[in-house]
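J.: Got a structure for you, questions after.
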Amino acid sequence: MSRPAPPTVASLDLTLYLGTWYEIARLPMRYERSDYTDVSATYSLDADGSVRVQNRAFDGKGELQESIGQAKPVDANDKSRLGVTFLPEGLRWIPFTKGDYWVLRIDDAYRTALVGSPDYEYLWLLHREPTLDAATRDDFLGTARSLGYDLAKLITTPHTGRRTA
């Protein structure tokens, strides 16, 4: 049985969203191994108006891992729903190779964000610093639960003090 996609924020200012975010928690995904620590994502605007995505983390051996991608709004009128690809630049034109990156909730100061996929498989809790107070964490994860995300396999991202951004 299919369910409707979750709602996204009514308005997202991409300019305010740019910069570095730290992953506080996530649902498992094959592209991010469970032994990754200090996960960060840095977003910057490219000349063509797309968003450059730089994901960085330390793997289980302590080696820095990095992937560079590109994000574009799916609809020019709705900046809260982005399509993201990490394919090499020359292959990004291939259809059906973009992942969904939907901003489900963001605080007024653009310090904490909840991002998910419309199929309810992926979810990220992001913050501008590597740590987030428990009350805010619980509040944002409560939003995820209320939208229908299953948090039974939620991974809390370890931050060791080593900076990736």
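J.: List every residue pair whose Cβ atoms sit under 7 Å apart, with the two residues 6 or more apart in sequence or on different chains, where the first one lies in the range 29-47 and is over 24 Å from Arg111 (Cα atoms) and the second, anywhere, is loosely packed, with under 11 Cβ neighbours inside 10 Å.
T.: What qualifies is Asp35/Gly60.
J.: Within the range 29-45, which residues are at pLDDT 90 or above and either of a type in the set (S, T, N, Q) or not in a strand (DSSP E or B) (or both)?
T.: Looking only at the range 29-45, we keep the residues that are at pLDDT 90 or above, and these are 36-45.
Scanning the range 29-45 gives Tyr36, Thr37, Ser40, Thr42, Ser44.
J.: Please work out if Asp48 is surrounded by 11 or more Cβ atoms within 10 Å (Cβ to Cβ) and part of a loop (DSSP other than H, G, I, E, B).
T.: Working: surrounded by 11 or more Cβ atoms within 10 Å (Cβ to Cβ): no; part of a loop (DSSP other than H, G, I, E, B): yes.
No.
J.: Let me ask another. Looking at Thr85, is it buried (at least 16 other Cβ atoms within 10 Å of the Cβ), in contact with a Ser or Thr (Cβ under 8 Å, 6 or more places away or on another chain) and modelled with pLDDT of 90 or more? Talk me through it step by step, then tell me what you get.
T.: On the way: buried (at least 16 other Cβ atoms within 10 Å of the Cβ): yes; in contact with a Ser or Thr (Cβ under 8 Å, 6 or more places away or on another chain): yes; modelled with pLDDT of 90 or more: no.
Answer is no for this residue.
J.: Go through (1) modelled with pLDDT under 95; (2) surrounded by 20 or more Cβ atoms within 10 Å (Cβ to Cβ) one by one and return the number of the condition Leu91 breaks.
T.: The failed condition is (2).
J.: Still on this structure: Mind checking which residues of the range 120-158 are loosely packed, with under 14 Cβ neighbours inside 10 Å and without any contact (Cβ under 8 Å) to a residue 24 or more places away in the chain?
T.: Asp133, Ala134, Ala135, Asp138, Gly142, Arg145, Ser146, Ala152
J.: A further question follows. Of all the residues that make up the range 1-31, how many are over 18 Å from Phe140 (Cα atoms) and either among the β-branched types (Val, Ile, Thr) or crowded, with 20+ Cβ neighbours inside 10 Å (or both)?
T.: 2
The values are calculated or read from the model by the stated rules, or taken from the named source; none is laboratory data. This is a predicted model, so every value here is computed, not measured. All Cβ positions, glycine included, derive from the backbone under ideal geometry; neighbour counts span all protein chains shown.
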